[in-house]
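S.K.: Just dropping this structure here.
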Amino acid sequence: LRPLIPVPQTLSSLLPCSHSYRGLTLVLTFLSYTSYHLSRKPISIVKSQLHPNCSALGPNPHNDSNSTTWCSWAPFDGDNYKELFGALDNAFLVAYAIGMFISGIFGERLPLRYYLSGGMVLSGLFTALFGLGYFWDIHVLWYFIVVQVCNGLVQTTGWPAVVACVGNWFGKGKRGLIMGIWNSHTSVGNILGSLIAGAWVSSAWGLSFVVPGIIIIVVGIICFFFLVEYPEDVDCNPPLHHVMTTSDKDPEAVTSNEGPLSLSGQSSVDHSNSPKEPAEEPEAISFLGALRIPGVVEFSLCLLFAKLVSYTFLYWLPLYIVNVAHFGAKEAGDLSTLFDVGGILGGIFAGLISDYTGGRATTCCVMLVVAAPMLFLYNHVGQNGIGTSIAMLIICGALVNGPYALITTAVSADLGTHESLKGNAKALSTVTAIIDGTGSVGAALGPLLAGLISPTGWNNVFYMLIAADVLACLLLARVVVKEARGWCGSMARQRGYVVA
């Protein structure tokens, strides 16, 4: 399955095969998932326009009896509009969570290029259909719910496919840093989605969905023509993780998952052999087989609560800023992008530290512990001034999205190429889908709970988020202890060597 349009000869001749195609894979998968998140963001920006403060716009020009909601978009013009917004979010996220567990299985068995491109085209179609409800003057809730459900299902094609593609091309070297930088596509997509949606939110909010829908379709077509799934497809050597060699970089990466489990004493003989065939011959791993990989359950449950916090901010932060700081819809959307700017910095920082220390779980726990008091401070003093709000949004974004980014990228790729798989590369998509699918359950619960709790006060929403952060940290306790024991053993051996 070579790319339908080959990479220009000038690029291939300037760089070695692996370098040129690795760069191409990183760029295409980055753009691909940027467009996925770009298409998810508009709903959070448009919420404040579906039920705005009509009294601030002046008298009712239609002279209706219901003067307080004359500018709202039915059916979101009632007092239960927050619950309806929560239902919209939940329709997408529940469908996404359910579909993710199935998506990874298909991703291991279908050509990734077809799977990813087809999913992107369908995602663009359903995103645009939501916005067309504005131009078609649709005011029935079921239309928007059905579109959200369908969009949630087709968007599950994205994450397992892009992580599998990157994992197929990159070994275990500095995976945390590389994937931490690469994972900024999530925040870049959120930022671009906010800015694009904000450009039309006050004039014609339907375009806030139609334009992102067109963008993801175009990027999907580009990926169909140019994406290369496996190094073997273009006669390049695959990375060493396919045979799980114990080169001097491997212990660093594997220790990050399970500490002592990384010290495999096998396969050094295979270092110089071409590992192409093991990447193609083994059968795809089963769902239960993936669950038995050490660390998958712990990191999956941790991500459930970490993603609960992240997606609550994704869907409700602009509305929170409008209600608490009293900004307009466009200004609130622009300000909310600072949370994603912090997410970019947090993901890179988490990847760099976890590479250096060899402790993925410990890095996540430390960031989650610090995030809890920062969320409390943001809720109480974050709106005291524009400078304070900017600083707190960046800090909270880094601490909340750092662990989320690390688990969904480097940790997923590490576990998908765990030594217990004995070189079977047909687990990346399934393991990634299990981890992100479990996290997506939390992503569905967070906005739903926020919709139910917010009528009682925003303080209670933040207490819920703080509790979720603490639970996410506690679920990694066993892996953290194992990493700590690995460090202690390493220090003891080093001291013994020095004394000798």
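The values are calculated or read from the model by the stated rules, or taken from the named source; none is laboratory data. Here the structure is a predicted model, which means the values were calculated and not measured. No Cβ is skipped: glycine too gets one built from the backbone with ideal geometry, and neighbour counts run over all protein chains shown. Accessible surface is based on the protein model in full, side chains and every heavy atom, while ligands, DNA and RNA are left aside. Shrake-Rupley method; radii C 1.70, N 1.55, O 1.52, S 1.80 Å.
S.K.: So residue 114 fits all but one of (1) surrounded by fewer than 18 Cβ atoms within 10 Å (Cβ to Cβ); (2) at pLDDT below 80; what number is the exception?
M.R.: (2)
S.K.: I need the full set of residues from region 197-206 which are part of a helix (DSSP H, G or I) and crowded, with 22+ Cβ neighbours inside 10 Å, in order please.
M.R.: Scanning region 197-206 gives 197, 198, 200.
S.K.: Still on this structure, please answer the following. Does region 413-430 include one or more residues that are modelled with pLDDT of 90 or more, open to solvent by 10 Å² or more (accessible area, probe 1.4 Å) and out of contact with any Gly (no Cβ under 9 Å at 6 or more places or on another chain)?
M.R.: No, there is no match, as no residue in region 413-430 is modelled with pLDDT of 90 or more, open to solvent by 10 Å² or more (accessible area, probe 1.4 Å) and out of contact with any Gly (no Cβ under 9 Å at 6 or more places or on another chain).
S.K.: Continuing with the same structure: Starting from residues that are among the polar types (S, T, N, Q) and out of contact with any Cys (no Cβ under 9 Å at 6 or more places or on another chain), keep the ones in region 347-375 and report whichever is least open to solvent (accessible area, probe 1.4 Å).
M.R.: 363
S.K.: For a quick check of your reading: which helices (runs of 4 or more DSSP H) sit entirely within region 244-354 and have at least 1 residues that are modelled with pLDDT of 90 or more?
M.R.: Hits in region 244-354: 296-325.
S.K.: Further question: If you check 103, 72, which single one turns out to be in a loop (DSSP other than H, G, I, E, B), polar (S, T, N, Q) and either buried (at least 18 other Cβ atoms within 10 Å of the Cβ) or touching a Leu at 6+ places or on another chain (Cβ under 6 Å) (or both)?
M.R.: Answer to the selection: 72.
S.K.: Restricting attention to region 439-463, which residues are hydroxyl-bearing (Ser, Thr, Tyr), open to solvent by 60 Å² or more (accessible area, probe 1.4 Å) and touching a helix residue (DSSP H, G or I) at 6+ places or on another chain (Cβ under 9 Å)?
M.R.: Matches in region 439-463: 463 only.
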